[in-house]
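The values are calculated or read from the model by the stated rules, or taken from the named source; none is laboratory data. Bear in mind that the values here come from a model prediction, so they are computed numbers and not experimental data. Positions of Cβ are generated from backbone atoms using ideal geometry, with glycine treated the same way; all protein chains shown enter the neighbour counts.
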Amino acid sequence: MSLQEIFATRATRMKASEIRELLKLLDQPDIISFAGGIPDPDLFPTTAFQEAFADSLTGPLANQGLQYSPSEGHAPLRQWIATHMQTLGIPATSDNILITSGSQQALDYLGKLFLSPGDTALIGWPTYLGALGAFNAYEPRYDKLDPLSNRGGADYAADAENAGGKAKFAYLSVDFANPTGATVSHAARERVIDLADEMDIAIIEDAAYQSLRFDGEAIPPILAIEAARKNGDLEACRTIYCGSFSKTLSPGLRVGWVCAAQPVIAQLVLMKQAADLHSASLNQIAICKVAETHFDSHIATIRNAYRARRDAMLKALEEHMPKGVSWTKPEGGMFIWVTLPDGLDGAELLKRSLETERVAFVPGHAFFADGSGRNTVRLSYSTSTEDKIRTGVARLGKLVKAAIAR
């Protein structure tokens, strides 16, 4: 007997994350890792969390922190997030907020909410690997979202119907995207809203890196632009904003949120009740305490640190990469996307790199729904010192030069 024989068909679409596997390399001291897009643990506001957890377990909230809590989430935290959304131009109240176990859980719920087998999700090409992992279980078809192309909503809809389903949503990682580091322009955000209105589909706005802007002028979130178009009525908006504390305060506490019209929140609450009842009460209380007292100052600290590391990586790429290699120049976030000459394979390069140069990164093909992009790689600068960045990129440059010479 093998239980695998009776697994649901969706199980065949679930694949191991290449990034999660690469994170295991962080335990090897001689590896310089540009692989995991994770925060630097040395920058965590550890003291603030120690105090927050101590207060949560000794003060009047102790019983609340150890007890079941509402599926919607800790009320003061939802209110803090709603106020934060307002500073971004989004007229949210706490009734528009659901706390999730990281924004990854939000993506899973949204895939479950919208996708029937064969339906189409419009996504970037490449796109966030975790989004593909979340959506894959619901057996969708993917189509390339290119807002500023000549392709109209009728074209997307017709292709979806010809494939046997309907287009249900457009998914975008909008600021300093994982994996490319690119930011969706204001014009492209406007066009996505036009397409969504034309096709009567949802927009899923992944804003995990929104707070990590180093340079340039901030662009309003899609939800803010749409709300302004619709006379400040969030209930009339089709955009669903997914936020997270994982890239700002702590990934390990697994606290994210969804901001959307109340009917969407109400349906997601039912999913939350069925899945895990609620996110960890104590973690929500601690996150709320730290956000209320340290969020702005901590954001300033990590922006300065990551800006310096980005600058070091961009300078090292200029110095050490051969002709024919190009890369993005992000205004924030944690990633630089490198395009190698045609014929080079990022996965093969990684294998050689680990064997000879002891530098880890993520092959780019994992971020493409169709497995293309073999000649691309993602580099993250968030956890390496500037000296290690310079050393690691120099080693990679040598490796790429040798690969081209072959």
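Are any residues in the stretch 275-314 among the acidic types (Asp, Glu) and either touching a residue at least 60 places away in the same chain (Cβ under 8 Å) or more than 26 Å from Thr87 (Cβ to Cβ) (or both), and if so, which ones?
Here is the first cut: in the stretch 275-314, the ones among the acidic types (Asp, Glu) are 276, 292, 296, 311.
Result: Asp276, Glu292, Asp311.
Of all residues in the stretch 255-275, exactly one satisfies the criterion of being assigned to a loop (DSSP other than H, G, I, E, B) and surrounded by fewer than 20 Cβ atoms within 10 Å (Cβ to Cβ), namely Ala261. Taken over the stretch 42-73, the criterion of being touching a residue at least 12 places away in the same chain (Cβ under 8 Å), closer than 26 Å to Asp95 by Cβ and in a helix (DSSP H, G or I) is satisfied by Ala52, Ser56, Gln64, Gly65. If you filter the stretch 291-346 down to residues that are in contact with a Lys or Arg (Cβ under 7 Å, 6 or more places away or on another chain) and in a helix (DSSP H, G or I), you find that the one that is surrounded by the most Cβ atoms within 10 Å (Cβ to Cβ) is Gly346. Name the single residue that is modelled with the lowest pLDDT among those in the stretch 57-74 being farther than 17 Å from Arg254 by Cα and of a type in the set (Gly, Ala, Ser). Top of the filtered list is Gly59.
Residue pairs whose Cβ atoms lie under 8 Å apart, separated by 6 or more positions or on different chains, with the first residue in the stretch 128-145 and closer than 16 Å to Gly37 by Cα and assigned to a loop (DSSP other than H, G, I, E, B) and the second acidic (Asp, Glu) and at pLDDT 95 or above, are Tyr128/Asp206.
Scanning the stretch 85-111 for residues that are within 18 Å of Lys247 (Cα to Cα) and either touching a strand residue (DSSP E or B) at 6+ places or on another chain (Cβ under 8 Å) or free of Cβ contacts under 8 Å to residues at least 12 places away in the same chain (or both) turns up Met85, Ile99, Thr100, Ser101, Gly102, Ser103, Gln104, Gln105, Ala106, Leu107.
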